[in-house]
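K.L.:
My questions all concern the structure below.
What follows draws every value from the coordinates through simple rules; no lab data is involved. A quick note: this is a predicted structure, and the numbers were derived from the prediction, not measured. FYI the Cβ positions are ideal-geometry reconstructions off the backbone, even for glycines, and counts take in every protein chain you see.
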C-alpha cells in the first residue's frame, strides 16, 4: 500500500494538468518535462483534450483563430526550448519549431490548429525518446532505460531490470556499461536526482517528501546523493531558486 501511495504521488507530479497555456513565463512544467523525457504514452494522454478546449486558455487576441495560433506558437517555442535543454541539437529543435509554426499560420480554422497541436508535441517527444537511446545498440539496454524512467518512484534493483529484460544480471551490467558508459546504479541515481531537481524547482514538495516519493532509503542518503551530483544540498538548492 505504501508503494502504491508513492506511485500515486509521483505520478501526480509528472501527470498533473494545470493551466500551462496561461502565461509563457510560468508554464506547466510537467507537460514540457514529459515531452523532454520522451514519454510518448503520457504525452498522448496530456494532449487528449483539444487545444481549443483547454481550461484557462488566455485571451491573446480578440480574433479566435489568431488567439489559438498565438497559443500554439508559445507552446511550440517552449517545447523546442525544453528539448534543447534535454539534448536535442539547435538546428533540429528550431527547424521543427519553424515548420510547425508555419503550418499553424497557414491553418484557416481553429479546429485545424488544435489538431496540429498533438502532432507537434508527439513529433518532439518521439525524437527525444530516440535521442535518449541514440547510443544504445541492444534492445535489452533500451528496455532497461524505459524501465528505469517508468519506475523512478520505486526502489529499482539491477535484478529487477535483469528479470524484466530477460538477461543475467552480470551480463546486463556489462552490456549497459559498455553502451551507456555508466553503471546501471549510477544511471538510476542520476535520473532520480534530475527528477528531484525539477520537483524542487517547480513543485511545493519539500526535500523530505521528495526523498520518500523517489524511494531513497532515507532523507540523509538523499541529501548525500543530491550534493554529490548537484554540488549543494536540496535545501541550499531551494534557497538559490528563491534568491
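K.L.:
If you stretched the chain out fully between residue 109 and residue 65, how much longer would it get, using 0.36 nm times the residue separation minus the C-alpha to C-alpha distance?
P.N.:
Gain on stretching residue 109 to residue 65: 15.2 nm.
K.L.:
Could you pull the Cα extents of the range 139-242 along its three principal axes, largest to smallest, in whole Å?
P.N.:
Principal axes ranked by extent give 45, 22, 22 Å for the Cα atoms.
K.L.:
When only alpha-carbon atoms count, how far does the range 85-215 stretch along each of its three principal axes, as whole angstroms with the largest first?
P.N.:
Ordered largest first, the range 85-215 gives principal extents of 57, 39, 25 Å.
K.L.:
Using r as the Cβ-Cβ distance of residue 181 and residue 150, and R0 as 35 Å, what FRET efficiency do you calculate, to the nearest 0.05?
P.N.:
It comes to 0.95.
K.L.:
If r is the Cβ-Cβ distance from residue 41 to residue 89 and R0 is 30 Å, what FRET efficiency results, to the nearest 0.05?
P.N.:
0.75
K.L.:
Points 7 angstrom from Cα along the Cβ direction at residue 220 and residue 49: gap in nanometres?
P.N.:
About 4.5 nm, to one decimal.
K.L.:
Work out, step by step, the length gained on full extension between residue 160 and residue 227: first 0.36 nm times the residue separation, then minus their alpha carbon distance; give nm to one decimal.
P.N.:
Contour length minus the Cα-Cα distance gives 21.4 nm.
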